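Since the structure comes first, as structure tokens, the remarks are kept for the end.
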2 protein chains.
Amino acid sequence: MKESAVRILELEVEKPVLGKANFDSERLLKALKKVLGESFLKISLYVLRKLPQVLREGGHKVWVILVKEEEGWIVSEIFSKKPERVLGVAIDLGSTSIAFYLYNFLEKKIIKEYSILNPQIPMGEDILTRLHLAKKEENLNYIREITLESINRELREIDGASIFYVSLCGNTAMSHFVLGLPVNYLFVEPYVPCANWYGIFKKEEVGFEIHPEGRIFVFPSAGTYFGGDLVAGLYFSEIYKRERMSFFIDVGTNAEVVLGNKDFLLACAGAAGPALEGGIFDCGCQAKDGAIESIKIYPQVKKIEYQTIGTQKPVGICGSGVIELMAELFIKGILTPEGKFNLQSFPERFTEINEEKAFIVVPPEESATGKPIYIKASEVRSFIRSKGAMYTILSLLCEKLGISFDEVEGFYIAGSFGNHIKVEAAVDIGMLPEEALNKAYPLGNAAGKGALKFLKEANLKEIKKIMETITYLELNVEPRFMQLLTGALFFPHVNRNLFPTVMKKLKNF
Amino acid sequence: MKESAVRILELEVEKPVLGKANFDSERLLKALKKVLGESFLKISLYVLRKLPQVLREGGHKVWVILVKEEEGWIVSEIFSKKPERVLGVAIDLGSTSIAFYLYNFLEKKIIKEYSILNPQIPMGEDILTRLHLAKKEENLNYIREITLESINRELREIDGASIFYVSLCGNTAMSHFVLGLPVNYLFVEPYVPCANWYGIFKKEEVGFEIHPEGRIFVFPSAGTYFGGDLVAGLYFSEIYKRERMSFFIDVGTNAEVVLGNKDFLLACAGAAGPALEGGIFDCGCQAKDGAIESIKIYPQVKKIEYQTIGTQKPVGICGSGVIELMAELFIKGILTPEGKFNLQSFPERFTEINEEKAFIVVPPEESATGKPIYIKASEVRSFIRSKGAMYTILSLLCEKLGISFDEVEGFYIAGSFGNHIKVEAAVDIGMLPEEALNKAYPLGNAAGKGALKFLKEANLKEIKKIMETITYLELNVEPRFMQLLTGALFFPHVNRNLFPTVMKKLKNF
């Protein structure tokens, strides 16, 4: 049975009778147990203090709100009539932005979904800078404070007193920051986080401005580089429930990949992220208005067609655009399998930027900025390493578990990246295997959706099962990774037999 | 196994190794589980926040303090060396005085034991006045505040930061007051307390100034008139563990009596208290210096011998003195079996006080106050009702369970009363049955000792078992009580066959 983290029950409580031990609390528990069976139930002191009054106001008909604890449930609120607002908030605490999902427990639906910038950014764009600063206790406290302030501003705006649950996920650093846990040993060998299982907290422990007896669940970390955001993503993907094996792929700063099923989960992370999202390219950009998200190149007729988000004038290329660009350049013969430019293929579009060859995707007169949108030779090299790393991680995990790509049931791709990725293009360049073609599924923001799922079905057992069955494969100590990588540093791969469909396409062009 | 409410463990924690998911919290839990097995263990956020530092300071050798929760244990504190002070406080929150027992968990011994006056007394000497005032929320809050202030003054004096556990018991009204629970329906029909099981609290819930991750256990109430003090007393008496049945007898404002064994407990309370303690007599007093605690009367030689506490000049008669006085008056023929004065027996000692006959125990010239110490006819009548009620409660409980006094294994008598009671005198007047003569055991302050026992062996299961097996017999709805009482309103009883030893004594005098 799926039980949400907050339960709202209408109860009819027995009236007291003379000559019996007739405690209000006991009669309330008796009414609750009729509905819930013999769960471990506790009535908060907050509710006990108003219980006699509310019971009699409502003629012994009451509404109670129960919230999930690590063991059992606690009665958090009691009303003599149906409450108007019973809310939950799922928070994906990312290092760049904080996503909020507002959930209405009464109507069992999402009310609102939005994000704000992480206020820690001025302390350092990248997370390592922040971790370094947080070695000093006062800085850690400051980072925690500004994070709480930002989140509390939103919670107040929503109406803190009506929020009975917060379900939060973040990477290991973010979870440590928001809970005020030291990170001093997190980023030096042997990379030791303070905690993995954080658990369920009372409002005053974390410092969130919610209902006095609301609770906060923080998703556990499975490793230094496998944080609560990924655990939440896995929880959303449900690959841990299936008989057959599936991939869970999250592309962010790193490429985090899990291969597994109901029996075990093998996890691995590698530096394959930023280049795939275009984040480190001169003309890369986030998936915003004006970002090129789709592209077709016709060298014979000297034409490039593209689509931008919001059909605005182009400002740059986003992640899905970069992958399609690479695929088009390779399939249309502008990039060789080794990732070198074939200058003869579309000479009009080549130029030099900072003394290196570059391919102009959008000439200056067409772009929103008046500057050209291009891709440089070194950017292609960087991209090929990233896509090669992704393919290698997938191959390595299959090899470790002794299965082939054929036997994989699904490729679940998380992140905004996953929502827009052109699977065909990713296969064309050998980032994903051909076997992904008909079984790749985008999950969207799996982390946020996993946190939201906890509000809807607070299954601690499943989350603990994920924690218990997951094994982390450390690439640093894995010589086989480098061996496999060598073959993947080509479009699509040094072993062309792995990509027969791509080969046919190349031949047909 | 007996587990104290606070456990202090020295642990050697594994050092982290590269290439493993090596959370500090996980390695600490692993070390704990080696000692404790698979108990439900949680590390408090307070400890997590200092964990990385303390682990490394101590070269991964640490001392941890665990405290008992309703489910499992929480790690409350961590040190890199052996802590100096780990304390617990047991509190018996009486309506007149608050008794403190200070316990050292490191050395497993009691350090100190003392009591202070209950600061609620100015709000009303008797508890009904206070309950009536507390119907108003601001008064309830005020009563709670002054109680917390008094207790916190003592906790601060002891050293709050070193106190990891408070175990508190009180009657139902006192427990409600200290937790701020409404008492509005407690003293009006059908006499409904807010709560019975209070549970284990964090410091901020109750408001005690103890260690940030200390816990507070409040003994549950089994009925309006059967509070946590009595549950604690039973817990101390351990009659609930025995095969054979025993009596637990507590004489206070009421006489509270339990008869039972490991299978069930039958409880009953009656208005038999104050007169037995001498509390409502003109010359009754507490067991303090100058109180007459023992007395012998020799009418033939016109002599009265007495002993006072501290061998001071007499100021009054305390509970045990009153019982012996009554026994002496009856056995020596000064009181008839009906409780009337035999004015011929010792005429020199009779006088009139407020138009009633009175027997002078101590003439004015011998007393500390210069006034006589006496007992009036109406006081004897009142006493006979109380002693009769006590005997009747004992008889009624036996009758209900179908056993005779012969089959009772022990008579455990709680309270300071129990410590000093002359069992023989109590039998002479028919307050206790003859069968109690060789099997009456004083428990002292059983409530306080029960609270202390929880610090030493925090056995929630046993306390829950007491709660589950106890049945409360309501005297108001028990016609048999009045029938039995009639026979007991004599010295020693209307049925003299019940007291053959006393009869022999009377004859011999």
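The values are calculated or read from the model by the stated rules, or taken from the named source; none is laboratory data. This structure is a prediction, so every number in the text was calculated from the model and none was measured. Here the Cβ positions follow ideal geometry from the backbone for every residue, glycine too, while neighbour counts run over all protein chains shown.
Looking only at residues in segment A:337-371 that are in a loop (DSSP other than H, G, I, E, B) and touching a residue at least 60 places away in the same chain (Cβ under 8 Å), which one is farthest from A:Val494 (Cα to Cα)? Only one residue tops the list, namely A:Ala368.
There is no residue in segment B:89-110 that is within 14 Å of chain A (Cβ to nearest Cβ), buried (at least 17 other Cβ atoms within 10 Å of the Cβ) and either more than 24 Å from A:Pro182 (Cα to Cα) or over 40 Å from the mean Cα position of the chain (by Cα) (or both).
Of the residues in segment A:111-122, at least one is in a helix (DSSP H, G or I) and free of Cβ contacts under 8 Å to residues at least 24 places away in the same chain. Scanning segment A:299-324 for residues that are of a type in the set (Val, Ile, Thr) and assigned to a strand (DSSP E or B) returns A:Ile304, A:Thr308, A:Ile317.
Quick check: is even one residue across segment A:21-39 of a type in the set (Val, Ile, Thr), buried (at least 20 other Cβ atoms within 10 Å of the Cβ) and touching a residue at least 24 places away in the same chain (Cβ under 8 Å)? Checked segment A:21-39: no residue is of a type in the set (Val, Ile, Thr), buried (at least 20 other Cβ atoms within 10 Å of the Cβ) and touching a residue at least 24 places away in the same chain (Cβ under 8 Å).
One residue stands out among those in segment B:5-19 that are aliphatic (A, V, I, L, M) and either within 14 Å of chain A (Cβ to nearest Cβ) or out of contact with any strand residue (DSSP E or B) (no Cβ under 8 Å at 6 or more places or on another chain) (or both): the one that is nearest to B:Glu462 (Cα to Cα), which is B:Val13. For A:Ile146, the criteria (1) free of Cβ contacts under 8 Å to residues at least 40 places away in the same chain; (2) over 23 Å from A:Val86 (Cβ atoms); (3) within 10 Å of another protein chain (Cβ to nearest Cβ) hold in every case but one, which is (3).
Residue-by-condition table, conditions (1) more than 30 Å from A:Ile127 (Cβ to Cβ); (2) in the same structural domain as A:Tyr165 (by TED's automatic domain parsing):
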position	(1), (2)
A:Leu28	yes, no
A:Glu69	yes, no
A:Ile74	yes, no
A:Tyr103	no, yes
A:Glu107	yes, yes
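You will find that of B:Glu209, B:Glu256, B:Glu238, B:Glu293, the residue that is under 22 Å from B:Phe100 (Cβ atoms) and among the acidic types (Asp, Glu) is B:Glu209 and no other.
Taken over segment A:31-44, the criterion of being facing another protein chain (nearest Cβ under 10 Å) and more than 15 Å from A:Phe79 (Cα to Cα) is satisfied by A:Phe40, A:Lys42. Residue pairs whose Cβ atoms lie under 6 Å apart, separated by 6 or more positions or on different chains, with the first residue in segment B:425-442 and without any contact (Cβ under 8 Å) to a residue 60 or more places away in the chain and the second outside any loop (DSSP other than H, G, I, E, B) and of a type in the set (Gly, Ala, Ser), are B:Leu432/B:Ala426; B:Lys439/B:Gly410; B:Tyr441/B:Gly410; B:Pro442/B:Gly418. Applying the selection to segment B:156-175, what residues are closer than 30 Å to B:Thr224 by Cα, among the hydrophobic types (A, V, I, L, M, F, W, C) and either part of a loop (DSSP other than H, G, I, E, B) or out of contact with any strand residue (DSSP E or B) (no Cβ under 9 Å at 6 or more places or on another chain) (or both)? Matches in segment B:156-175: B:Ala173 only. Among the residues of segment A:51-71, those that are more than 24 Å from A:Asn104 (Cβ to Cβ) and within 14 Å of another protein chain (Cβ to nearest Cβ) comprise A:Leu51, A:Pro52, A:Gln53, A:Leu55, A:Arg56, A:Glu57, A:His60, A:Glu70, A:Glu71. Output the residues belonging to segment A:180-196 that are at the interface with another protein chain (Cβ under 7 Å from one of its Cβ atoms) and either more than 17 Å from A:Glu145 (Cβ to Cβ) or free of Cβ contacts under 8 Å to residues at least 12 places away in the same chain (or both). Result: A:Asn184, A:Tyr185, A:Glu189, A:Pro190, A:Val192, A:Pro193, A:Cys194, A:Ala195, A:Asn196. Selection of first residues in segment A:212-225 that are within 9 Å of chain B (Cβ to nearest Cβ) and of second residues that are assigned to a loop (DSSP other than H, G, I, E, B) and among the small types (Gly, Ala, Ser), restricted to Cβ pairs under 7 Å at least 6 apart or on distinct chains, gives the following pairs, ordered by first then second residue: A:Ser221/A:Gly227; A:Ala222/B:Ala21; A:Gly223/B:Ala21. Applying the set (1) crowded, with 22+ Cβ neighbours inside 10 Å; (2) at pLDDT 95 or above; (3) in contact with a Pro (Cβ under 9 Å, 6 or more places away or on another chain) to B:Glu149 leaves exactly one unmet item: (1). Of the residues making up segment A:186-203, those that are more than 19 Å from A:Ala5 (Cα to Cα) and not hydroxyl-bearing (Ser, Thr, Tyr) are A:Leu186, A:Phe187, A:Val188, A:Glu189, A:Pro190, A:Val192, A:Pro193, A:Cys194, A:Ala195, A:Asn196.
Selection of segment A:332-367 for residues being among the aliphatic types (A, V, I, L, M) and at pLDDT below 95 yields A:Leu343, A:Ile353.
The single condition among (1) within 14 Å of another protein chain (Cβ to nearest Cβ); (2) in a helix (DSSP H, G or I); (3) under 22 Å from the mean Cα position of the chain (by Cα) that A:Glu205 does not meet is (3). For segment B:416-459, taking the residues that are out of contact with any helix residue (DSSP H, G or I) (no Cβ under 9 Å at 6 or more places or on another chain) and aliphatic (A, V, I, L, M), the one that is farthest from B:Tyr235 (Cα to Cα) is identified as B:Leu455. Being within 30 Å of A:Ile463 (Cα to Cα), more than 13 Å from every other protein chain (Cβ to nearest Cβ), in a helix (DSSP H, G or I) and under 40 Å from the mean Cα position of the chain (by Cα), is that true of even one residue in segment A:20-30? Checked against the condition, which is being within 30 Å of A:Ile463 (Cα to Cα), more than 13 Å from every other protein chain (Cβ to nearest Cβ), in a helix (DSSP H, G or I) and under 40 Å from the mean Cα position of the chain (by Cα), segment A:20-30 yields no hits at all. Are any residues in segment A:40-82 surrounded by 17 or more Cβ atoms within 10 Å (Cβ to Cβ) and among the small types (Gly, Ala, Ser), and if so, which ones? Of everything in segment A:40-82, those that are surrounded by 17 or more Cβ atoms within 10 Å (Cβ to Cβ) and among the small types (Gly, Ala, Ser) turn out to be A:Ser44, A:Gly58, A:Ser76.
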